[in-house]
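Accompanying notes for the structure given below.
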Amino acid sequence: MSENQNIPAIEMRGVNVTAMRDASFTVVEHVNWLVAAGEFWVIAGQEHSGKSDLLMLAAGLMPPVAGSYNLFGRDTKDFGEAELAERLRVGFVFQEGQLFNQLTIAENVALPLRYQKNLAPAAAAAEVNELLELMELTPLADVTPSNIAANWRLRAALARALILKPEILLLDNPLAGLGARHLHWWLRFLDQLSRGHEQFGGKPMTLVVTADDLRPWQNARRRFALLRDKKFIPLGSWNEVETANDPIVKELLAVPAELTS
């Protein structure tokens, strides 16, 4: 865990974010963003607003083309093989999961333990089985991802991101397409992680999620920001989101057009 709680988990100053598929195209400009350890942020925006790109940069998977990004107080421009341990303090859940179809659910979840901790399958099995049980995935342990519903594939991707017990968890639009039962499970489970889940040491986890629908994320403890016109715009608390006059915020709250005029 972090040695100094006064060091921000995420600190961006004047950061420019480029598109994952085209590094010559800037999708977000001049991001100034500070995330304290234990905070829960929701980054909202319309499709193609740069949400996924910003999250990839926050995970240390892409460098900023301008400005500075410190992760746990370390400049990510200096990250090399020696800083691998810092990156492993961050878990990432891709939209739609991005599991390996040739592996079973249990094997997918075990991957970080196998390749980052160099654990043999038998040594990893106990940790994997414990997490699968927590995530209600035990009956699917020996099934491959292509043979289960998308709701469960995404939950397996969450288990894979959590197996190393990260301090920061980044999730790209995790509620998209979920049925009601799974949506409620996700909101409850992420709130438990944010408050401190006993399975992960009981310490509040820092969470950042992206969203194209703000309604499910209503919570007084969360902080919100908007991506619009290549700008990162902090919104503040849920009360400030509800009272914002920005038409994009209204749209993400599904407010009828006649009420926004």
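Taking into account only those residues within segment 87-124 that are among the small types (G, A, S) and crowded, with 16+ Cβ neighbours inside 10 Å, which is farthest from the chain's Cα centre (by Cα)?
Filtering segment 87-124 down to residues among the small types (G, A, S) leaves 91, 97, 106, 110, 120, 122-124.
In the following step, the residues that additionally are crowded, with 16+ Cβ neighbours inside 10 Å were identified as 91, 97, 106, 110, 124.
Values: G91: 7, G97: 12, A106: 21, A110: 19, A124: 24 Å.
Among residues in segment 87-124 that are among the small types (G, A, S) and crowded, with 16+ Cβ neighbours inside 10 Å, the one farthest from the chain's Cα centre (by Cα) is A124.
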Quiz prompt | Single residue of segment 160-184 satisfying the filter (part of a helix (DSSP H, G or I) and open to solvent by less than 20 Å² (accessible area, probe 1.4 Å)) that is nearest to V128 (Cα to Cα) | solution = L162
Quiz item: Quick one: in segment 2-11, which of the residues that are over 18 Å from the mean Cα position of the chain (by Cα) and not small (G, A, S) is surrounded by the most Cβ atoms within 10 Å (Cβ to Cβ)?
Solution: I7
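Could you pull out the residue among F224, F200 that is at pLDDT 95 or above and of a type outside the set (G, A, S)?
On the way: F200 fails: at pLDDT 95 or above.
Criteria check complete, one pass: F224.
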Quiz item: So which residues in segment 20-37 are part of a loop (DSSP other than H, G, I, E, B), surrounded by fewer than 17 Cβ atoms within 10 Å (Cβ to Cβ) and not acidic (D, E), if there are any at all?
Solution: M20, R21, A23, S24, F25, A36
Self-check item: Selection count, segment 221-231, where residues are more than 16 Å from the chain's Cα centre (by Cα) and within 13 Å of E39 (Cβ to Cβ)
Solution: 1
Quiz item: Which helices (runs of 4 or more DSSP H) sit wholly inside segment 40-136 and have at least 3 residues that are aliphatic (A, V, I, L, M)?
Solution: 51-58, 105-116, 121-134
Self-check item: Filter result for A149 (at pLDDT 85 or above, surrounded by 15 or more Cβ atoms within 10 Å (Cβ to Cβ), on the phi < 0 side of the Ramachandran plot and not acidic (D, E))
Solution: no
Quiz item: Any idea which of (1) part of a loop (DSSP other than H, G, I, E, B); (2) open to solvent by less than 40 Å² (accessible area, probe 1.4 Å) is the one D142 doesn't satisfy?
Solution: (2)
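Between V208, V241, V249, which is surrounded by 13 or more Cβ atoms within 10 Å (Cβ to Cβ), part of a strand (DSSP E or B) and among the aliphatic types (A, V, I, L, M)?
Details: V241 fails: part of a strand (DSSP E or B); V249 fails: part of a strand (DSSP E or B).
Every option except V208 fails the conditions.
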Exercise. Kindly indicate whether E136 is out of contact with any His (no Cβ under 6 Å at 6 or more places or on another chain) and under 29 Å from A37 (Cα atoms).
Key: yes
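So which residues in segment 97-129 are acidic (D, E) and without any contact (Cβ under 8 Å) to a residue 24 or more places away in the chain? Break it down into steps so the answer makes sense when it comes.
Taking segment 97-129 first, the residues acidic (D, E) are 107, 127.
Correct list: E107 only.
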Quiz item: Hey, among G67, G14, G45, which residue is of a type outside the set (D, E) and within 17 Å of the chain's Cα centre (by Cα)?
Solution: G45
Quiz prompt | Positions within segment 185-201 being part of a loop (DSSP other than H, G, I, E, B) and open to solvent by 40 Å² or more (accessible area, probe 1.4 Å), in sequence order | solution = G201
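How many residues does segment 33-51 hold that are under 15 Å from D229 (Cα atoms) and in contact (Cβ under 8 Å) with a residue 40 or more places away in the chain? Talk me through it step by step, then tell me what you get.
Our first condition is that a residue be under 15 Å from D229 (Cα atoms); within segment 33-51, this holds for 43-51.
Retained after the next criterion (residues that are in contact (Cβ under 8 Å) with a residue 40 or more places away in the chain): 43-47, 49-51.
So the count comes out to 8.
Are any residues in segment 118-162 within 24 Å of L190 (Cβ to Cβ) and among the hydroxyl-bearing types (S, T, Y), and if so, which ones? Lay out the reasoning, then the answer.
Looking only at segment 118-162, we keep the residues that are within 24 Å of L190 (Cβ to Cβ), and these are 127-141, 145, 148-162.
Passing the criteria: only T138.
The values are calculated or read from the model by the stated rules, or taken from the named source; none is laboratory data. Quick caveat, the model's predicted, so the values are computed rather than measured. Quick reminder, even Gly has a Cβ in these numbers, built from the backbone with ideal geometry, and neighbours come from all protein chains shown. Accessible surface areas use protein heavy atoms only, side chains included; no ligands, DNA or RNA. Shrake-Rupley method; radii C 1.70, N 1.55, O 1.52, S 1.80 Å.
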